[in-house]
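Input: a single structure, listed below in structure tokens.
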């Protein structure tokens, strides 16, 4: 439902004066164009642009909560394209509302289409209610006669050069910038956040770096915080793009800064990709406001992401078991095996069972079966029928059993890569048919390699087609473990992120590693968007020998507790658990009662970075209430003070939900510290808290 108000103005003159007023507004959002000034405003942020024929120039950005307004001292447009200085012509604009649905949250947009010579530009600004940031999507078509990026040799060389060398090696003005903001003031502190996926190969998923802005310098990272030390106010930028290593046409960095002058660069496009026959979209930009202080900054970034994505508890909340985690591959996958898995899943309290690779007629390269006809890059529709020998009754029996037990089924799917996913329409029909025929809504998307813009476009088309044809009822678990994929901030509305493959067989599952990755990511990415694994700790005990941090040294419910702030992933065969593991069922069933409420809050990490020997945890923040999850790792301290995000000096009622501890009323210090006591090493407690007025 794209519009409440629609007016298109076609202008062929170069210089003109707007006297019309067009606005879309409700009690929380307003978009207004009047007298050559475009204003986007909600309860948190106000950004004012000089219209400039649709080629917008930011004039100011205001933090509505603090009342502080940043004046942008720049006469250049936000979008700077090398070699193009023409004024905008042939302007069209459209202000509209996007109504809330299963697919999208409510928001308002202004779409602006204009020409710079033979190049057409589409910019869509997105404004969400009560959100501290405004986003911009960019698309292009037409003729480009200038280079938008470095040549291939420079791009290849950029990965081996320091940012200072890069700045000296190339004029950054010859790279398209999507935001071009020159703020007043000399004293700016920058914090750059680089997020890494490809988790089969990396275990440090977040890199943070702090800088005092000085001379022109290139920075690589998905998120930039810029805080003015004189005003104690700041802005942040998010580049909605894959992780730096996975971006297309990457110019060696994402931001260029000098004092208070910050530019976001790298659209993911080059001039050769632009054609006259269709719009091609680049990466998107987000600019938001915050006051100084780490929590204020992190909170603003999380708030934007939660506003940007539609959250539906009955669809999005999962405690999913997956058949692949015990490394049997497809060796056990049969109808009888899945029926046994469902029995044990019900006993445990699992809500979803995903049949990984092996359910389908066409066997993949991951199969244990010896065959010369295995698939990976190219599949046929008949490959995606239930395997005739493994499922002689099709899915009829397992679907009936799942329904009887209140468990939803999921499947593994690997789209055909041939010719840059050219058969995306066929793949979409396959998934839609599986949904229509069997009611299966959850699909783990694996094997993806987005090495070209065409591959990316076709993959987005595939996901969008399924989403739209099923009314947003199908959820994708997007595997982030290998290859060039979407990452954490790009194309986020399709489902959640399958974060990592960890196996006791390979001795790369350590509980504190998993906790650390969630803890680090949760500063910048909503934890509830991530599937977080816990494994069968009784497998492969001998491989760990006397390792202090071996999984077997932790209680099973502790391993589950690590996943609570994310979407728990039981990465094992449920029927392969020993009987003593079933004691966790009461924990899982209790957690299910609170799961949606926990995830409705804003989740942030607390305490120390998990190290195997730390005191650490999380807080889920709601209005005057929320949840606290604390972990005592393997250390000698049974009582510590942990700084929280509760009001300093407040009194709080703690209600024990799971783990050690007891109900109590406590008073916080003037530093918002809470005394936490756990008497056993490798122990946890989950509290629900209520502020006492």
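The values are calculated or read from the model by the stated rules, or taken from the named source; none is laboratory data. These numbers come from a predicted model, not from an experiment. Don't worry about glycine lacking a Cβ; one is built from the backbone with ideal geometry, like all the others, and counts go over all protein chains shown.
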Residue ID - surrounded by the fewest Cβ atoms within 10 Å (Cβ to Cβ), chosen from residues in the stretch 213-222 that are without any contact (Cβ under 8 Å) to a residue 60 or more places away in the chain and not in a strand (DSSP E or B): 215
Test: residue in the stretch 501-513 that is modelled with pLDDT of 95 or more, more than 23 Å from residue 618 (Cα to Cα) and not in a loop (DSSP other than H, G, I, E, B): no
Residue check, residue 314 free of Cβ contacts under 8 Å to residues at least 60 places away in the same chain, in a helix (DSSP H, G or I), surrounded by fewer than 24 Cβ atoms within 10 Å (Cβ to Cβ) and out of contact with any helix residue (DSSP H, G or I) (no Cβ under 8 Å at 6 or more places or on another chain): yes
Some residue of the stretch 651-671 being at positive phi and either touching a strand residue (DSSP E or B) at 6+ places or on another chain (Cβ under 9 Å) or outside any strand (DSSP E or B) (or both): yes
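Every residue, every condition in (1) under 18 Å from residue 554 (Cβ atoms); (2) exposed (fewer than 15 other Cβ atoms within 10 Å of the Cβ), yes or no:
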site	(1), (2)
619	no, no
624	no, yes
627	no, no
639	no, yes
645	no, no
649	no, yes
659	yes, no
666	no, no
Scope the stretch 519-539; condition under 12 Å from residue 499 (Cβ atoms) and touching a residue at least 60 places away in the same chain (Cβ under 8 Å); matching residues: 520, 521, 522, 525, 527, 529, 531, 533
In the stretch 468-488, residue nearest to residue 397 (Cα to Cα) [restricted to those that are touching a helix residue (DSSP H, G or I) at 6+ places or on another chain (Cβ under 9 Å), part of a loop (DSSP other than H, G, I, E, B) and in contact (Cβ under 8 Å) with a residue 60 or more places away in the chain]: 473
Entirely in the stretch 372-467, the helices (runs of 4 or more DSSP H) that have 2 or more residues that are at positive phi: 418-421
Test: residue in the stretch 333-342 that is in a helix (DSSP H, G or I), free of Cβ contacts under 8 Å to residues at least 12 places away in the same chain and under 30 Å from residue 507 (Cα atoms): yes
Which numbered condition residue 552 fails, given (1) surrounded by fewer than 20 Cβ atoms within 10 Å (Cβ to Cβ); (2) under 25 Å from residue 352 (Cβ atoms); (3) touching a helix residue (DSSP H, G or I) at 6+ places or on another chain (Cβ under 6 Å): (2)
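Determine, yes or no, whether residue 124 is assigned by TED's automatic domain parsing to the domain that holds residue 276 and over 21 Å from the mean Cα position of the chain (by Cα). Please lay out each step first, then the result.
Details: assigned by TED's automatic domain parsing to the domain that holds residue 276: yes; over 21 Å from the mean Cα position of the chain (by Cα): no.
The answer is no for residue 124.
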1 or more residues touching a residue at least 12 places away in the same chain (Cβ under 8 Å) and more than 17 Å from residue 511 (Cβ to Cβ): qualifying helices (runs of 4 or more DSSP H) within the stretch 540-618: 585-599
Test result for residue 275, in a strand (DSSP E or B) and touching a residue at least 12 places away in the same chain (Cβ under 8 Å): no
Residue match in the stretch 190-212 (condition: touching a residue at least 12 places away in the same chain (Cβ under 8 Å), part of a loop (DSSP other than H, G, I, E, B), farther than 28 Å from residue 483 by Cα and outside the structural domain of residue 497 (by TED's automatic domain parsing)): no
Residue count, the stretch 468-487 (criterion: crowded, with 23+ Cβ neighbours inside 10 Å and either within 21 Å of residue 269 (Cβ to Cβ) or modelled with pLDDT under 95 (or both)): 3
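Within the stretch 240-271, work out how many residues are assigned to a strand (DSSP E or B) and either free of Cβ contacts under 8 Å to residues at least 12 places away in the same chain or over 21 Å from residue 525 (Cβ atoms) (or both).
Of the residues in the stretch 240-271, 7 are assigned to a strand (DSSP E or B) and either free of Cβ contacts under 8 Å to residues at least 12 places away in the same chain or over 21 Å from residue 525 (Cβ atoms) (or both).
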Selection status of residue 465, farther than 21 Å from residue 497 by Cα and surrounded by 15 or more Cβ atoms within 10 Å (Cβ to Cβ): no
Subset of the stretch 154-188 [at pLDDT 95 or above and under 13 Å from residue 215 (Cα atoms)]: 187, 188
Failed item, numbered, when residue 304 is tested on (1) outside any helix (DSSP H, G or I); (2) in contact with a strand residue (DSSP E or B) (Cβ under 7 Å, 6 or more places away or on another chain); (3) closer than 19 Å to residue 522 by Cα: (1)
Residues that are touching a helix residue (DSSP H, G or I) at 6+ places or on another chain (Cβ under 7 Å) and closer than 23 Å to residue 174 by Cβ, drawn from the stretch 194-220: 216, 217, 218, 219, 220
Complete set of residues in the stretch 278-301 that are touching a residue at least 60 places away in the same chain (Cβ under 8 Å) and either assigned to a loop (DSSP other than H, G, I, E, B) or assigned by TED's automatic domain parsing to the domain that holds residue 489 (or both): 278, 279, 282, 283, 292
Residue 334 surrounded by fewer than 21 Cβ atoms within 10 Å (Cβ to Cβ) and modelled with pLDDT under 95: no
Checklist (1) out of contact with any helix residue (DSSP H, G or I) (no Cβ under 7 Å at 6 or more places or on another chain); (2) crowded, with 20+ Cβ neighbours inside 10 Å; (3) at pLDDT 95 or above; (4) closer than 30 Å to residue 240 by Cβ applied to residue 286, failing item: (1)
Only listed residue being more than 29 Å from residue 317 (Cβ to Cβ) and surrounded by fewer than 22 Cβ atoms within 10 Å (Cβ to Cβ), chosen from 440, 457: 457
